[in-house]
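For reference, the structure discussed in these notes is given below.
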Amino acid sequence: MGNLQTDESRASSRATGRATSATSKPLRAALFVTCLADSFYPDVGKSVVGVLRALGVEVTFPEGQTCCGQVTFNSGYWADTKAAAKRFIEVFEHEEYVVMPSGSCASMVREQYPQLLDGEPGWADRALSTAARVYEFSEFLVKVVGLEKIHATYHGTATYHTSCHMTRQLQVVDEPLAVLSRVNGLQLVPLRNNQDCCGFGGTFSVKLPEVSAAMADEKLQHMAETKADFVIASDLGCMMHLTGRAARQTHAGATPSSSVTPSSSLTPSASSAPLPMKHVAQVLAEGGLV
Amino acid sequence: MTNIKTPPGRSKPPTGQTPQTRGDRTPPGRSTVKIKPGSFRARAIEGLSNPYRRRTVAGVQDHFANLRREVFTELGNPEEWRARAAQIRTHTIANLDAYLEQFTDNVTRHGGHVHFAADAADANAYITRLAREKRARTIVKSKSMVTEEIGLNHALEHAGAEVIETDLGEFILQLDHDKPSHIVGPALHKSKAEIAEIFSRHAGHPIAVDTDELAAYARKYLRDKFFAADMGITGCNFGVAESGSVVIVSNEGNARMTSSLPKVHVVVMGMERLVPSFADLDILLTLLPKVASGQRTISYVTAIHGPKQAPDLDGPEELHIVIVDNGRSNMLGTEYQQALNCIRCGNCSNVCPVYRHAGGHAYGGVYNGPIGAIITPLMEGIEKWKDLPYASSLCGACTDACPVKIPLHEYLVALRRDISEAGIDSWGERMAAHLFGWGASHPGAFSMGQSILKTGLTATKVGPLGGWKSEREFPSSAGQTFREWWHKEGEREGERER
Ligand code: SF4
């Protein structure tokens, strides 16, 4: 827990440059729910809405939203991705804040749109201006809403899954931990090799399923070793991949189906039941912040 | 222990366990999806089935990571060092022609010979001709990736010479007719027992599975070869333009013997290996061992300025430097130019999770790991190596780890874009992307598409998501979508609250 304090102070000191937390008029945020939350994890979307409203933020859900286009961008289909990027810009460019429960989608809009639309007349500036409005959920809480407003209680031990795009591209590292440090009763335990990718990687997971599953197996094993009650994450792609893999392992008995030998771990695979996973927003919502 | 997956083309699991029988729980992908032989995926599956290699590579990665953390802390501000190193390399590559000229002038001034080889055939022809002229029968070599790249050993052996690798790792691989699996630790994938078996076969008598005995065997055998050799061939870690020096680093000292004992020393270097000055070299030499293996410094750093000169007691009588292009100039002047910044430290592999599980051989070419997935297609043609840029989850660990700041994962995405723009991608994927692009700009169609994805695709075992279903379950698709909830309750709840 000692770490969290430093993380928190670092996060809040970084936050000062970007936005002020004490404003007189109520905050208004447009939710970009993301494809995965919309279809498979609606509860995450609902939790985001609940938490933001509880913190006094007015939440809107712009109708015309579709997808950020990261999957096609990363697969090399930049022309097709431009259609998604332009749509996103049209829908969100006039919002003051755009909040999304995904570090990966946020990094797509903030880091990749300006690159994708660079030099495209009429779009390059709009891409930059839209990018500046985008926040990942925990980042919004820290940088805009203000950490001191967060009070929740959730009894249990958890480990946090660091997602790659959020950490390395969006460079939002400390914020989710700072947010979680505001949850009474929640004990966070470290995860071995927490910087290692879980193996999702968008189309990587279907193009190289065996390698992807091997990466998941190692991650799941490290998670099991923490003896935590559950795992907290900020990206639903990782969650879908890891829970899907864990479910397959369970169905297949103690043996992972692709037979992926636990690698680094050099210790036999933990055969305990897979850990449940929750998004940061769900922890706050279930912890009474709705 | 878990079961070992059957690699394609083998009828039985290598460990002799019986295949699992799970009725309809058998992963559907396994039986329905044909895995192209010779593809990254096929080689990766082969790699996954080697538990020894996976444990070793993972152990080495974790060990290096710990050491690296320590030595980087000592360095003070590693980011500043990286920035400076990147700047040196980027500047050198941007002015490569001028530095090559300066380097060549200085080598020649010290009595060395320089040959520019446009491709592998050119380089091999020059070196084999030289070997014939010098009647070189025995040739010793120290570790060099570029000679692997051009297939020099094969060319020399074809010309009748005996070629001996003197780097311990390379020696093991040579005896076993195997290929390097890591840029820095070429025989990383071999266990001590395997090495003992290889050496015993070579010696004709059993050699114990014992590090000292194995090293003693190699040392004795190689020492005799060093003294018998007519020609020594080394690589070059850095060429210093201001002095014409060839700088070679090694932990075993074999590069020194290779470059100083035989009468003729041939240096084979990639054309991008230059640094402007010794001051610049200092920065790169400080970083190299730290990123390569978490070492503070390297055991041997050798700087060679020409052949033996008047007062020298030893050294070769002739020095030939073969500067190899072989596809490198394809990158010059393109967005991929920074790939030439690479100092071959292997750190991108040391941190790569795909490399960790699939192993170096999965990459198929001489250079493995993230940098291999980039330069192999760029040097040898993207059509031939078009599956390599997809051998990454784009986690970005490589980009963060690269001491010369090559945007590795961004290059991988850019190569995927090149593949789709060149029309050498798969038709199905292209159609899916077009459909997505259309759907993403038509919200009504898009949310319908989401529903189809949710209910339709997830229920089937084939189709584009077969790769998902082969290894994982889909989340349950019961219940309403967020959008449906928002319309029914979510939006109104907010209004009530206000
Ligand atoms: S790309 Fe960077 S990290 Fe990889 S081998 Fe080259 S210098 Fe090292």
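Points to keep in mind about this one:
- Candidate set: the stretch A:204-217, residues that are within 8 Å of chain B (Cβ to nearest Cβ) and not aliphatic (A, V, I, L, M); chosen: the one surrounded by the most Cβ atoms within 10 Å (Cβ to Cβ): A:Ser212
- B:Ala216 vs. criteria without any contact (Cβ under 8 Å) to a residue 12 or more places away in the chain and under 16 Å from B:Tyr99 (Cα atoms): no
- Residue list for the stretch B:235-262, restricted to those being in contact with a Lys or Arg (Cβ under 7 Å, 6 or more places away or on another chain) and closer than 21 Å to B:Thr128 by Cβ: B:Gly235, B:Cys236, B:Thr258
- Selection status of B:Asp325, surrounded by fewer than 21 Cβ atoms within 10 Å (Cβ to Cβ) and either more than 14 Å from the ligand (Cβ to nearest atom) or in the same structural domain as B:Lys141 (by TED's automatic domain parsing) (or both): yes
- A Cβ distance below 7 Å, combined with a sequence gap of six or more or placement on separate chains, defines the contacts here; from the stretch B:475-487, residues that are in a loop (DSSP other than H, G, I, E, B) and surrounded by 18 or more Cβ atoms within 10 Å (Cβ to Cβ) reach residues that are among the aliphatic types (A, V, I, L, M) and modelled with pLDDT of 90 or more in the pairs B:Pro475/A:Met240.
- The lone exception for A:Gly185 - which of (1) touching a residue at least 12 places away in the same chain (Cβ under 8 Å); (2) within 11 Å of another protein chain (Cβ to nearest Cβ) it fails: (2)
- Only one of the listed residues (A:Gly76, A:Gly45, A:Gly64) is at positive phi and at the interface with another protein chain (Cβ under 10 Å from one of its Cβ atoms). That residue is A:Gly76.
- Residue check for A:Cys197: part of a loop (DSSP other than H, G, I, E, B), closer than 20 Å to A:Cys105 by Cβ and within 14 Å of chain B (Cβ to nearest Cβ): yes
- B:Leu319 vs. criteria part of a loop (DSSP other than H, G, I, E, B), away from the ligand (no atom under 16 Å from the Cβ) and on the phi < 0 side of the Ramachandran plot: no
- Failed item, numbered, when B:Lys386 is tested on (1) within 15 Å of the ligand (Cβ to nearest atom); (2) more than 8 Å from chain A (Cβ to nearest Cβ): (1)
- The stretch B:473-489, subset more than 7 Å from every other protein chain (Cβ to nearest Cβ) and at pLDDT 85 or above, residue farthest from A:Gln65 (Cα to Cα): B:Lys488
Every residue, every condition in (1) more than 16 Å from the ligand (Cβ to nearest atom); (2) within 14 Å of chain A (Cβ to nearest Cβ); (3) at negative phi; (4) among the basic types (Lys, Arg), yes or no:
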position	(1), (2), (3), (4)
B:Val291	no, no, yes, no
B:Ile304	yes, no, yes, no
B:Gln338	no, no, yes, no
B:Asn350	no, yes, yes, no
B:Arg356	no, yes, yes, yes
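- Residue within the stretch A:121-143 that is within 12 Å of another protein chain (Cβ to nearest Cβ) and in contact (Cβ under 8 Å) with a residue 40 or more places away in the chain present: no
- A Cβ distance below 7 Å, combined with a sequence gap of six or more or placement on separate chains, defines the contacts here; from the stretch B:103-115, residues that are on the phi > 0 side of the Ramachandran plot reach residues that are of a type outside the set (Lys, Arg) in the pairs B:Gly111/B:Gly306; B:Gly111/B:Pro307.
- Being more than 11 Å from the ligand (Cβ to nearest atom) and surrounded by 20 or more Cβ atoms within 10 Å (Cβ to Cβ) is a property that B:Gly381 lacks.
- In the stretch B:179-201, residue nearest to the ligand (Cβ to nearest atom) [restricted to those that are assigned to a loop (DSSP other than H, G, I, E, B) and in contact with a Leu (Cβ under 9 Å, 6 or more places away or on another chain)]: B:His182
- Count of the stretch B:72-123 residues, restricted to those that are among the β-branched types (Val, Ile, Thr) and crowded, with 18+ Cβ neighbours inside 10 Å, is 6.
- Flag for B:Asn330 being more than 16 Å from the ligand (Cβ to nearest atom), in contact (Cβ under 8 Å) with a residue 60 or more places away in the chain and closer than 29 Å to B:Gly38 by Cα: no
- Residue count for the stretch A:129-171, restricted to those that are polar (S, T, N, Q) and more than 19 Å from the chain's Cα centre (by Cα): 4
- Filter pass, B:Phe171 being under 29 Å from B:Pro316 (Cα atoms), in contact with a strand residue (DSSP E or B) (Cβ under 8 Å, 6 or more places away or on another chain), touching a residue at least 24 places away in the same chain (Cβ under 8 Å) and assigned by TED's automatic domain parsing to the domain that holds B:Glu157: yes
- Test: residue in the stretch B:408-418 that is within 16 Å of the ligand (Cβ to nearest atom), within 9 Å of another protein chain (Cβ to nearest Cβ), out of contact with any Lys or Arg (no Cβ under 9 Å at 6 or more places or on another chain) and touching a residue at least 60 places away in the same chain (Cβ under 8 Å): yes
- Residue under evaluation B:Val366, criteria (1) over 14 Å from the mean Cα position of the chain (by Cα); (2) away from chain A (no Cβ under 14 Å); (3) modelled with pLDDT under 95, criterion not met: (1)
- The one condition in (1) closer than 26 Å to B:Ala433 by Cβ; (2) of a type outside the set (Gly, Ala, Ser); (3) within 12 Å of the ligand (Cβ to nearest atom); (4) buried (at least 24 other Cβ atoms within 10 Å of the Cβ) that B:Cys402 fails to fulfil: (1)
- Scanning the stretch A:160-216 for residues that are within 21 Å of A:Ser75 (Cα to Cα) and among the polar types (S, T, N, Q) yields a total of 6.
The values are calculated or read from the model by the stated rules, or taken from the named source; none is laboratory data. What you see is a predicted model; the values in this text were computed from it and never measured. Note: ideal-geometry Cβ built from the backbone for every residue, glycine included; neighbour counts use all protein chains shown.
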